[in-house]
Structures are given as structure tokens and as C-alpha cells.
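One structure below.
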Amino acid sequence: MAKLDVYPDKELKKYVLDYFDEMNISLEQIASQAVEHQSRFIEGLTLEDGKKRLERILNKREVLNALAVAVQLDKLANKGMLDEPLQTLVANDAGTLGVDETMAISLAQLFGSISVTNYGSLDVHKSKEAKKLDDLQKSGKKITVFIDDMVSALQASVESSLAHIEQKTDLIMCGDE
């Protein structure tokens, strides 16, 4: 195994975004849903606000790492390459598996309690992109156990980031540069 001299941020982001394209996951829709949810609390939010926040979040190494692992696990599961009994648990989206939610909560935690709380709600009441993925799983067409939760966590992170726009403070939110 080669030594890692430079972290492959650009390659990792491309890997994640290529998978999003393959699965028809719309970044614009994620940003739009985040803005829609936060507009109840903050007047004047625009889609552009959501897109900017999403782009910043997708440039965080920790976020890309989590998304890439979720993508890889779903890809392996779709090829039947997980060892048993894990393959069966993932393929059937076993309700007590919980690792998918744990990974998503870990991503959401990078952006504070608003993100974690919003993720919990989105896990139950899925927004458009996560629901699309969940429906693929339920129909038996694709295994999307990990990525549907990560898409919800990504949206929740954007929502949290937008919520912090409203605060007039010199403090830096976790994840801000």
C-alpha cells in the first residue's frame, strides 16, 4: 500500500459527486429543501444561500470521508460483496441495524445540535432526495441503506449552517473557516 503524501480531497469529492449523479441525487434539491425548512425561522433565505452553504460543507474533509464510506458500503452491498450475515442485514435494511443512522448522526454532529435534531426529523419524514433513495431500496431496485441517511444528514447540516447565518456573533460555528 502506497504512503499517502497528499490527501486526495478533489478525487474524494469527485467520487462522491459522481455517485450522486449516478443515483440522480440533486445537490440543488438538497439545498432547496434546506432553505425551505429554515425559511420558517429566517426570512429572506434564498436558494443561493443554501447552495453556498452546501458547497462549503461538501468541501469539508470529514464530510467527504463519511459520504465516501457510505457510498462504498452501498456499492459493495449492491454487488453482493458484503460478508454474511451483514449482506442480508443491509440488503433488507434491517430496522435494528442502526449503523447507517449512527454514521449519519456522526456527520450531522459536525454541525451542532440543530443539525442532529433536524437529521432525526429527516430520518423519519424524508425529504425528496432521501425518499427517492429509500423508495429504490423498498422496491428492491437498489440498496441505498447508507446513502439515504447521509443525504438526510447532509441536508440537516445545511439547515444548521443556514440557521447560524442569522446569529450576529463573532463566534465561529463548527465547520466554518
Here, L4 and Q72, labelled 7 Å along Cα→Cβ, have an inter-label distance in nm of 0.9 nm
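Skip the ligands, DNA and RNA, and give the accessible area per residue of the chain with a 1.4 Å probe, whole Å².
Each residue of the chain exposes 55 Å² on average to a 1.4 Å probe.
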Once both axes come from the Cα atoms, what is the angle between helix 61-78 and the longest principal axis of the chain, in degrees from 0 to 90, rounded to 10?
30 degrees
Which of K51/K128; K3/K60; K13/K75; K60/K138; K13/K79 have a Cα-Cα distance over 19 Å?
K3/K60; K60/K138; K13/K79
Between S26 and V99, the FRET efficiency computed from the C-beta separation at R0 = 35 Å comes out, to the nearest 0.05, as 0.85
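First check a/c for the range 61-113, with a ≥ b ≥ c the square roots of the eigenvalues of its C-alpha gyration tensor; if it is under 1.5, answer rounded, and if not, answer prolate when a/b is larger than b/c or oblate otherwise. Intermediate results must be reported in sequence, preceding the final value.
On the way: a/c = 3.87, a/b = 1.67, b/c = 2.32.
Because a/c hits 1.5 or more and a/b fails to exceed b/c, the range 61-113 counts as oblate.
First check a/c for the range 1-102, with a ≥ b ≥ c the square roots of the eigenvalues of its C-alpha gyration tensor; if it is under 1.5, answer rounded, and if not, answer prolate when a/b is larger than b/c or oblate otherwise. It would help to have the intermediate numbers written out before the result.
Working: a/c = 2.51, a/b = 1.43, b/c = 1.76.
Oblate shape, in that a/c is at least 1.5 and b/c is the bigger or equal ratio.
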R0 = 25 Å: FRET efficiency of T46 with D135, Cβ-based, nearest 0.05?
0.30
Cα long-axis angle, helix 128-138 against the chain (0 to 90 degrees, to the nearest 10)
10 degrees
Helix 9-22: angle to the longest alpha-carbon principal axis of the chain, degrees 0 to 90, nearest 10?
70 degrees
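Could you tell me the calculated FRET efficiency between E36 and R56, based on Cβ-Cβ distance and R0 = 25 angstrom, to the nearest 0.05? Could you put the intermediate results ahead of the total?
Numbers: r = 19 Å, r/R0 = 0.76.
E(calc), rounded to 0.05, equals 0.85.
The values are calculated or read from the model by the stated rules, or taken from the named source; none is laboratory data. Note that the structure is a prediction, hence the values are computed from the model and not measured. Note that each Cβ is placed from the backbone with ideal geometry, even for glycine, and that neighbours are counted across all protein chains shown. These area figures cover heavy atoms from the full protein model, side chains too; ligands, DNA and RNA do not enter into them. Shrake-Rupley method; radii C 1.70, N 1.55, O 1.52, S 1.80 Å.
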